[in-house]
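Everything below concerns the one structure shown next.
The values are calculated or read from the model by the stated rules, or taken from the named source; none is laboratory data. Being a predicted model, the structure only gives us computed values, none of them experimental. Neighbour counts run over all protein chains shown; Cβ positions are idealised from the backbone, glycine included. With ligands, DNA and RNA removed, areas are computed over all heavy atoms of the protein, side chains included. Shrake-Rupley method; radii C 1.70, N 1.55, O 1.52, S 1.80 Å.
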Amino acid sequence: MKFLKNLFLIIILLIIFGGAALYIIYDHYNAEKKQLTYELRKSTNGSYIDLTHGVTHYELDGPDTGKVVVMLHGATVPYYIWNGTFEYLTEHGFRVLRYDQYGRGYSDRPDVVYNKQLYFEQLNELIAQLHLKKPVSLVGVSFGGMLATDFTVAYPDAVNKVVLIDPGYPANKIKVPQFVAEYYEAIHPEERALGQMDDFKYPDRHPTWVERYRPQMEYKGFRHAIISTAYNYGAQYNGRQSNTALNNLHKPVMLIWGREDKTVPFTYSDSVRSVLKTEFLPVDNAGHLPYLEQPDIVNPALVTFLRK
C-alpha cells in the first residue's frame, strides 16, 4: 500500500512539473502578447465596421457604378495578399471589396468555432452593411477559393461569377487533437511565418513578405483562428462535392493555377475540372500566388472575364 501511495505521489509530481515545464516553454515562444485596440487601428490603412462577431477590417474602392467584386484571401495571409490586383481592378472600373477574415490582419479574433457558417455570416453582413449591389463576383485564392465555392452554393442569388485561384481542394487528415495543434503552433511561430515563402516559385523577389506577415501573429486569437479553421472547415471540406454543387448552378467560373504550386499542387486542377466547367488559365513560372508572380498575365485575364 505504501508503494502505491508513493507511486501515486510521484505521478502527481510528474504531472505538475511536466505541466509547469510545458507552460514555461509556451510562455517563452508564444508570440501572442497584444490586444487589438481602437488606438492601434487608427494608424492603419483601410476602414473598420462592427459586425455580429466583432470588428472587421476592410477596403472598398472603385467607382460606385462599377460591377462589384469581392476578394477572399487565403487561410492565414490577410487582405494585403491582394495588393496590386486590388488596385488593378479598381483602376479598370470595378467596385472592389477586400477584407480581413475574422482572426486575421486587423479584424477581431472572436473566441468561437471557425466554421463555414462563421465565414458565411461575415461575408453576408459585409455585403449588406456596405450596401453592395448584388449579385457580386467572388475572387478567392487558396482557402478563399473554398469559401467562394461554398458561399456561392449556399447563396446562389448573391453571386454572379466566381474566380478560383489555386483553390484549396483536398480535405487534410488531421491526426492530433486540436489543443495539441494549438500548442505546437504556439511554440513554433517562426515555422508558420517562414512557411509563407513556400507559396512562391521565386521567394527572393518578395524579400519583405515574412516581415509583413509577422505583426498579425502578435495579437491574441490569431493562432486559435488558424487552427480552428483547419479543424472545423478545412478538414471537413470535400472539394469534389463542393465543385460539383457549384457546377450544377451553371454560373461563369474561371480557374487560375500556378503550374509550380507547392501548396496545392497543379495536378488538383484536373480534379476540379473533372466536375466543374471553367475557363482555365494555367500560369507558367508561378507558384501558389500566380497573380503576384505573373501579374501581367493574370490581371488582364481577370478583367476580361469579369467584364463579360
Residue satisfying condition, being within 26 Å of Tyr291 (Cα to Cα), polar (S, T, N, Q) and free of Cβ contacts under 8 Å to residues at least 12 places away in the same chain, within set Thr244, Thr208: Thr208
Before we move on, is Tyr80 over 18 Å from Leu164 (Cβ atoms), part of a helix (DSSP H, G or I) and touching a residue at least 40 places away in the same chain (Cβ under 8 Å)? yes
Here's a check for you: in segment 276-308, which residue that is open to solvent by 10 Å² or more (accessible area, probe 1.4 Å) and among the hydroxyl-bearing types (Ser, Thr, Tyr) is farthest from Gly93 (Cα to Cα)? Thr278
Given the conditions (1) more than 25 Å from Leu302 (Cα to Cα); (2) surrounded by 22 or more Cβ atoms within 10 Å (Cβ to Cβ); (3) among the acidic types (Asp, Glu), and given that Asp111 satisfies all but one, which numbered condition is not satisfied? (2)
So which residues in segment 139-158 are open to solvent by less than 10 Å² (accessible area, probe 1.4 Å) and outside any helix (DSSP H, G or I)? Val139, Gly140, Val141
What number of residues within segment 159-198 are open to solvent by less than 10 Å² (accessible area, probe 1.4 Å), modelled with pLDDT of 90 or more and either part of a helix (DSSP H, G or I) or among the polar types (S, T, N, Q) (or both)? 1
Output the residues belonging to segment 232-275 that are closer than 25 Å to Val113 by Cβ and open to solvent by 40 Å² or more (accessible area, probe 1.4 Å). Asn232, Gln236, Asn238, Arg240, Gln241, Thr263
Could you list, in sequence order, the residues of segment 117-149 that are within 14 Å of the chain's Cα centre (by Cα) and not hydrophobic (A, V, I, L, M, F, W, C)? Tyr119, Gln122, Gly140, Ser142, Gly144, Gly145, Thr149
Quick check on my filter: what residues within segment 59-83 are touching a Leu at 6+ places or on another chain (Cβ under 7 Å) and either open to solvent by 40 Å² or more (accessible area, probe 1.4 Å) or among the aromatic types (Phe, Trp, Tyr) (or both)? Leu60, Lys67
Which one is nearest to Leu126 (Cα to Cα), of the residues in segment 32-47 that are open to solvent by 60 Å² or more (accessible area, probe 1.4 Å), within 23 Å of the chain's Cα centre (by Cα) and of a type in the set (Lys, Arg)? Lys34
